[in-house]
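Notes for the one structure printed next.
The values are calculated or read from the model by the stated rules, or taken from the named source; none is laboratory data. On a predicted model such as this, the values are computed, not experimentally measured, just so you know. Here Cβ is always computed from backbone atoms with ideal geometry, including for glycine, and neighbour counts include all displayed protein chains. We work out accessible area using only protein heavy atoms, side chains counted, and drop any ligands, DNA or RNA first. Shrake-Rupley method; radii C 1.70, N 1.55, O 1.52, S 1.80 Å.
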Amino acid sequence: YEGINTPSSIINISNYFKVHPNPSSNYLNITTNNIILDDANLSIFNNLGQKVISTKISNANNKIKISELPEGLYIITINYKSNIYSNKFIIER
């Protein structure tokens, strides 16, 4: 599969990123703990596995608008340098 970029590992996001508040209702803030980012890919998936948000993030604070998503359990993933950082979060209203 030449040319296909596959991650080397899936890592718990909390060691490298802070995702807050959790639960949340309007915005999700993502800050880096000890990684220097340049154009990492962020995705959010609903409980059916459907990608509902896809964007790029970089160093400093990143605010992701989630107010248009329904309540429920979601998975956030950050794909950066052949690693996927993943965690769950909840939207409550």
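List of remarks:
- Environment charge of ILE66, counting only residues whose C-beta is closer than 14 Å and scoring Lys/Arg +1, Asp/Glu -1: +2
- Exposure ranking of SER67, SER43, SER14 by accessible area [1.4 Å probe, largest first]: SER14, SER67, SER43
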